[in-house]
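K.L.:
Could you have a look at this structure, given as structure tokens, before my questions?
The values are calculated or read from the model by the stated rules, or taken from the named source; none is laboratory data. On a predicted model such as this, the values are computed, not experimentally measured, just so you know. Glycine also receives a Cβ, built like all others from the backbone with ideal geometry; neighbour counts cover every protein chain displayed. Just so you know, the surface numbers come from the protein's heavy atoms only, side chains and all, with ligands and any DNA or RNA stripped out. Shrake-Rupley method; radii C 1.70, N 1.55, O 1.52, S 1.80 Å.
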Amino acid sequence: MHDILPDATHRWQAFESVIRQLMASYGYKEIRMPLVESTDLFCRSIGEVTDIVEKEMYTFEDRNGDKLTLRPEGTASCVRAGIQHGLLYNQVQRLWYNGPMFRHERPQKGRYRQFHQFGVEVYGISTPDIDAELILLGARLWKQLGLAGIRLELNTLGSSQARENYKKVLVEYLQQHDELLDEDSKRRLRTNPLRILDSKNPAMKQLLDDAPVLMDYLDETSLQQFKKLTASLDAAGVEYRLNPRLVRGLDYYCNTVFEWVTDELGAQGTICAGGRYDGLVEQLGGKATAAIGFALGVERILSLLESQHDSQTDRIDVYLVLLGDACESKGLLLAESIRESLPALKMITHCGAGSMKSQMKKADKSGADIALILAQDELEQEQVTVKYLREERPQQSVGFSELNTFITEMYSRNQPPE
Ligand code: ATP
Ligand code: MG
């Protein structure tokens with residue numbers, strides 16, 4: 001579990017402001033769920049025989065003896081909240097959330113025990129136009145973040161009947177090659193055979209590559225829906241790769257499933273994953289409701305952003321250097337008056353005294369564009385000295401009464417063009 005240190009938070013904030021604006025532009029509303037849920041919720045939704053439920057959940061008993069779990073993902077909580085507050089039945093909801101998730105995994109680059117997911121969930125729409133909207137929304141997000149090289153992988157799992165039919169064929173095939181299966185897969189052959197396709201064990205790659213594919217066992221309705229989706233993506237110019245082995249690590253998916261992947265993050269290349277889960281609401285006690293969503297790993301996105309863009313620092317605009325008691329008092333008032341007229345300006349008022357030299361050092365280190373210096377001489381003449389810290393420009397004096405106008409003009413000059 002990581003601290004996100006002050007040098008890094010601006011990147012998180014920038015990401016958060018992009019998603020907030022993006023979601024508003026598609027008419028989605030934010031939902032905030034608790035970090036802790038009853039353990040039972042995750043067992044019933046994610047599935048007993050999944051990596052998450054079998055070995056990754058942080059589960060504990062509270063003082064009442066209730067079994068609780070730190071949420072490992074957001075969809076189950078979102079459905080629980082939707083049912084509890086009557087948001088789902090006979091309605092359309094376009095929702096999003098963003099926040100920490102917890103999984104007890106082996107920590108490595110791109111895999112943490114507390115990590116963050118931005119997720120989107122839509123309820124009450126069963127047609128594939130919404131599947132397409134979610135994918136277009138993802139593509140737009142990469143564009144707005146300025147990220148390149150993110151590819152879309154697509155598959156359909158079909159109806160539950162189609163999956164049952166396919167399961168039989170798959171089990172038969174895998175049983176014939178029993179000696180090539182690892183321990184996990186042998187167990188799953190009985191409990192959850194589809195999950196075997198999701199195995200990351202390289203020793204089983206060939207076996208799985210040659211396995212029968214679900215696409216050949218699909219029902220007509222699922223096939224038609226999937227064709228509509230791919231036609232929409234073609235029309236919108238979104239590229240994708242059909243990946244018949246894409247089954248996702250959670251049990252509740254049906255029909256459309258997709259992942260956005262990159263080659264630039266090593267083994268942890270999936271940055272965003274989702275799909276349809278039409279059966280889940282009913283399974284958790286609500287009325288049958290169509291549902292689709294995705295979740296994105298924020299750490300992976302930020303690490304990709306960092307590798308594709310020069311890391312920008314969280315710079316400030318102005319550092320106010322103050323020498324002596326009288327200047328410190330006056331400086332405080334000047335700074336307040338500047339903030340009053342220009343709330344967006346980022347300004348540090350020096351506190352804790354110190355020599356001119358040490359204060360100027362701090363001004364430079366802060367990344368400020370200019371230092372405003374107020375010492376005894378300046379105070380007597382009712383002005384400040386402006387020193388340019390990033391440009392070759394002679395210093396200049398600005399009277400107290402002109403200071404707000406001067407700073408406002410400097411600030412608007414320094415704003416990057418839209
Ligand atoms: P993986 O195959 O990498 O374990 P997953 O199938 O368990 O992923 P999901 O449950 O679908 O992942 O979560 C959606 C996204 O959340 C993932 O694509 C990934 O970007 C991110 N994610 C999942 N687990 C972690 C983790 N432990 N640390 C950081 N990010 C994670
Ligand atoms: Mg996982």
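K.L.:
Applying the selection to the range 27-39, what residues are open to solvent by 60 Å² or more (accessible area, probe 1.4 Å) and part of a loop (DSSP other than H, G, I, E, B)?
P.N.:
Result: ARG32, PRO34, LEU35.
K.L.:
Follow-up. Across the range 95-113, which residue is nearest to ligand 1 (Cβ to nearest atom) among those that are part of a strand (DSSP E or B) and open to solvent by 50 Å² or more (accessible area, probe 1.4 Å)?
P.N.:
First pass over the range 95-113, keeping only residues part of a strand (DSSP E or B): 95-102, 108, 111.
Imposing the further condition that a residue be open to solvent by 50 Å² or more (accessible area, probe 1.4 Å) reduces the set to 98, 108, 111.
Details: ASN98: 12, GLN108: 9, ARG111: 4 Å.
Selected residue: ARG111.
K.L.:
Can you give me the ranges of the helices (runs of 4 or more DSSP H) entirely in the range 179-267 with at least 1 residues that are surrounded by fewer than 17 Cβ atoms within 10 Å (Cβ to Cβ) and either in the same structural domain as ILE150 (by TED's automatic domain parsing) or within 24 Å of the chain's Cα centre (by Cα) (or both)?
P.N.:
Working: elements: 183-191, 205-209, 220-236.
Where helices (runs of 4 or more DSSP H) fall fully within the range 179-267 and carry at least 1 residues being surrounded by fewer than 17 Cβ atoms within 10 Å (Cβ to Cβ) and either in the same structural domain as ILE150 (by TED's automatic domain parsing) or within 24 Å of the chain's Cα centre (by Cα) (or both), they are 220-236.
K.L.:
Would you confirm, using the coordinates I've provided, whether GLY285 is part of a loop (DSSP other than H, G, I, E, B) and within 14 Å of ligand 1 (Cβ to nearest atom)? Write out each step before concluding.
P.N.:
Values: part of a loop (DSSP other than H, G, I, E, B): yes; within 14 Å of ligand 1 (Cβ to nearest atom): no.
So GLY285 does not fit the description; no.
K.L.:
Which one of these does THR50 not meet: (1) of a type outside the set (Phe, Trp, Tyr); (2) within 12 Å of ligand 1 (Cβ to nearest atom); (3) under 21 Å from GLU299 (Cα atoms)?
P.N.:
(3)
K.L.:
So which residues in the range 129-150 are over 17 Å from the mean Cα position of the chain (by Cα) and of a type in the set (D, E, K, R), if there are any at all?
P.N.:
ASP129, ASP131, GLU133
K.L.:
Just one of the numbered conditions (1) aliphatic (A, V, I, L, M); (2) modelled with pLDDT of 90 or more; (3) in contact with a strand residue (DSSP E or B) (Cβ under 7 Å, 6 or more places away or on another chain) is not true of ALA231; which one?
P.N.:
Unmet for ALA231, out of (1) aliphatic (A, V, I, L, M); (2) modelled with pLDDT of 90 or more; (3) in contact with a strand residue (DSSP E or B) (Cβ under 7 Å, 6 or more places away or on another chain): (3).
K.L.:
Do any strands (runs of 3 or more DSSP E) lying entirely in the range 296-414 carry at least 1 residues that are open to solvent by 30 Å² or more (accessible area, probe 1.4 Å), and which ones are they?
P.N.:
Working: elements: 318-322, 347-349, 370-374, 383-388, 396-399.
In the range 296-414, 347-349, 383-388, 396-399 are the strands (runs of 3 or more DSSP E) which contain 1 or more residues that are open to solvent by 30 Å² or more (accessible area, probe 1.4 Å).
K.L.:
For residues in the range 68-88 being in a helix (DSSP H, G or I) and either within 15 Å of ligand 2 (Cβ to nearest atom) or not β-branched (Val, Ile, Thr) (or both), which is surrounded by the fewest Cβ atoms within 10 Å (Cβ to Cβ)? Can you show your working first?
P.N.:
As a first pass, look at the range 68-88 and keep what is in a helix (DSSP H, G or I): 75-84.
Now drop any that are not either within 15 Å of ligand 2 (Cβ to nearest atom) or not β-branched (Val, Ile, Thr) (or both), which leaves 75-78, 80-82, 84.
Details: THR75: 24, ALA76: 24, SER77: 24, CYS78: 25, ARG80: 22, ALA81: 19, GLY82: 24, GLN84: 11.
Among residues in the range 68-88 that are in a helix (DSSP H, G or I) and either within 15 Å of ligand 2 (Cβ to nearest atom) or not β-branched (Val, Ile, Thr) (or both), the one surrounded by the fewest Cβ atoms within 10 Å (Cβ to Cβ) is GLN84.
K.L.:
Looking only at the range 268-279, which residues are under 13 Å from LEU157 (Cβ atoms) and either part of a strand (DSSP E or B) or within 16 Å of ligand 2 (Cβ to nearest atom) (or both)?
P.N.:
Correct list: GLY274, GLY275, ARG276.
K.L.:
Considering GLN175, GLN91, which residue is in contact with a Gly (Cβ under 6 Å, 6 or more places away or on another chain) and not in a strand (DSSP E or B)?
P.N.:
GLN91
K.L.:
Give me the pairs, please: first residue somewhere in the range 15-39 and more than 14 Å from LEU95 (Cβ to Cβ), second residue anywhere and assigned to a loop (DSSP other than H, G, I, E, B) and open to solvent by 60 Å² or more (accessible area, probe 1.4 Å), beta-carbon distance under 9 Å, and either six or more positions apart or on two chains.
P.N.:
As it stands, the answer is SER38/ASP66; THR39/ASP66, since those pairs meet every condition given.
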